[in-house]
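Visitor: I have a structure here, written as structure tokens, and I will follow up with some questions on it.
Values quoted throughout were computed directly from the atomic coordinates according to the rules given, and no laboratory measurement underlies them. Keep in mind it's a predicted model, so treat the numbers as computed, not measured. All Cβ positions, glycine included, derive from the backbone under ideal geometry; neighbour counts span all protein chains shown.
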Amino acid sequence: MRLNKYLADCGVASRRACDKLIAEGAVRVNGKPATLGTDVNEAKDSVTVNGRRVTLAKKHYYLMLHKPKGYVTTVSDELGRKTVMDLVNIKARVYPVGRLDYDTEGLLLLTSDGQLSNALTRPSSEVPKTYIARVSGQLSDADINRLRNGVMIDGKQTLPAIVSVAEKDAHHTRLQITITEGRNRQIKKMLEAVGSEVEFLKRVSIGDLRLGGLSRGKYRFLTDREVQYLKSLGGIK
Ligand code: URA
């Protein structure tokens, strides 16, 4: 590979600016000063700029999966249950970002990018996640307001949530709930706190990223724009 392209791919600068660095003698290949015509073997050669080694940025993979229920959100399961990794057929090592319960379905991100994964899942990130929950029975306006304002779960009040009733009949209520925390079994516990039992739970979006029409059990790669959006959501520049 041409040296200026290699340097640009490593994120040093534009190809033209890299030519300048080469011409100024700032670049060495295997310890020897490089010239404008130098080629590099990216697997073998050691390239330095002003004495600092540069390497090609690792390519990361980002995808969304429509997790069906009946799958655990781990890479392997000691009980031998199916895992979300059984649904993803790519060579790169990707890991689930956060988790959905065994019986929850919906939008699950997977990535090889540990920085993004940590940024989206650390408690202070407050990334909005929207769920559709079908619960038994009916909820009073007071219950809905309690869910909105915060209920006590595991000894700690939940942060304000956006809650609306999507549908209801005599036996069931379908709610749309957006929370900005990611506590263990949070939606189920919030609903338990107002006396309701979750019968069905699906995550439909993370921030503005929506599951859309992706079929259950299928995955797709995120676009560059979606990746940039998630990085901004996680506070990564
Ligand atoms: N809340 C839950 O109770 N379960 C999930 O899987 C996700 C959010």
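Visitor: For the chain, what does the helix formula give at 222 nm: sum of -39500 (n - 2.57) over DSSP H segments with n ≥ 4, over the residue count, nearest 500 deg cm²/dmol? Write down the numbers at each step before the final one.
Guide: On the way: 6 runs with 51 residues, N = 237.
Taken over the chain, the calculation gives -6000 deg cm²/dmol.
Visitor: Before anything else, pin down the relative contact order of the chain: Cα pairs under 8 Å, at least 6 apart, normalised by residue count, whole percent.
Guide: Relative contact order comes out at 20 percent.
Visitor: So, in nm, how far is label Lys69 from label Ala13 when the simple model puts each one 7 Å beyond its Cα toward the Cβ?
Guide: The modelled label-to-label distance comes out at 5.9 nm.
Visitor: To continue, here is another question. What ranking do 57-64, 154-161 get when scored by the average of other Cβ atoms within 10 Å per residue, highest first?
Guide: On the way: 57-64: 14.8, 154-161: 13.0.
The packing order, highest mean first, is 57-64, 154-161.
Visitor: Could you name the aspartates and glutamates whose alpha carbon sits less than 20 Å from that of Lys82, not counting residues in the same chain fewer than 8 places away?
Guide: Asp101, Asp103, Glu105
Visitor: I need the shape label for the chain. Rule: rounded when a/c is under 1.5, else prolate if a/b > b/c, else oblate, with a, b, c from the alpha carbon gyration tensor.
Guide: It is prolate, given that a/c is not under 1.5 and a/b is the larger ratio.
Visitor: What's the center-to-center distance, using Cα atoms, between region 6-34 and region 202-230 in Å?
Guide: Answer, in whole Å: 38.
Visitor: Where the centre of each part is set by its Cα atoms, how far does region 139-198 sit from region 78-135, in angstrom?
Guide: Answer, in whole Å: 21.
Visitor: Would region 3-53 count as rounded, prolate or oblate if I go by the C-alpha gyration tensor, calling it rounded below 1.5 in a/c and otherwise prolate when a/b exceeds b/c, oblate otherwise? Let's see the in-between values first.
Guide: On the way: a/c = 1.39, a/b = 1.15, b/c = 1.21.
Taking the square roots of the gyration eigenvalues as a ≥ b ≥ c, region 3-53 is rounded.
Visitor: Can you give the FRET efficiency to the nearest 0.05 for Leu79 and Thr178, using r as the Cβ-Cβ distance and R₀ = 41 Å?
Guide: Calculated value: 0.80.
Visitor: Once both labels are modelled 7 Å past Cα along the beta-carbon direction, what's the Thr223-Leu36 spacing in nm?
Guide: 3.9 nm
Visitor: Here is a further query. Can you put Lys32, Lys82 in order of Cβ neighbours within 10 angstrom, beginning with the fewest?
Guide: Details: Lys32 8, Lys82 13.
Lowest to highest Cβ neighbour count: Lys32, Lys82.
Visitor: I've got another one for you. Run the reach check for Lys231 against lysines, Cα to Cα strictly under 25 Å, same-chain hits fewer than 8 apart removed. What comes back?
Guide: Leaving aside lysines fewer than 8 places away in the same chain, those within reach of Lys231 are Lys58, Lys59, Lys67, Lys91, Lys129, Lys202, Lys218.
Visitor: Now a separate question. Return, ordered by residue number, the residues of region 210-235 whose backbone nitrogen is under 14 Å from a label point located 7 Å along Cα→Cβ of Asn89.
Guide: Flagged as within label range: 217-220.
Visitor: Another question, if that's okay. Put a dot 7 Å past each Cα toward the Cβ at Ser232 and Asp141; how far apart are the dots in nm?
Guide: Taking the two extended label points, one gets 3.8 nm.
Visitor: Excluding Gln138 itself, what net charge comes from residues whose Cβ is under 15 Å from its Cβ, given Lys and Arg +1 and Asp and Glu -1? Intermediate results must be reported in sequence, preceding the final value.
Guide: On the way: positive: Arg134, Arg146, Lys168, Arg174; negative: Asp141, Asp143, Glu167, Asp169, Glu197, Glu199.
With Lys, Arg at +1 and Asp, Glu at -1, the neighbours total -2.
Visitor: Next question, about the same structure. Please report the relative contact order for region 128-206, taking Cα pairs under 8 Å with a sequence separation of at least 6, and give it as a percent rounded to a whole number.
Guide: Numbers: 152 pairs, mean separation 37.0, N = 79.
With pairs under 8 Å counted, the relative contact order is 47 percent.
Visitor: Please sort 115-127, 213-225 by packing, taking for each peptide the average over its residues of neighbouring beta carbons within 10 angstrom, highest first.
Guide: Ranked by mean Cβ neighbours within 10 Å, highest first: 115-127, 213-225.
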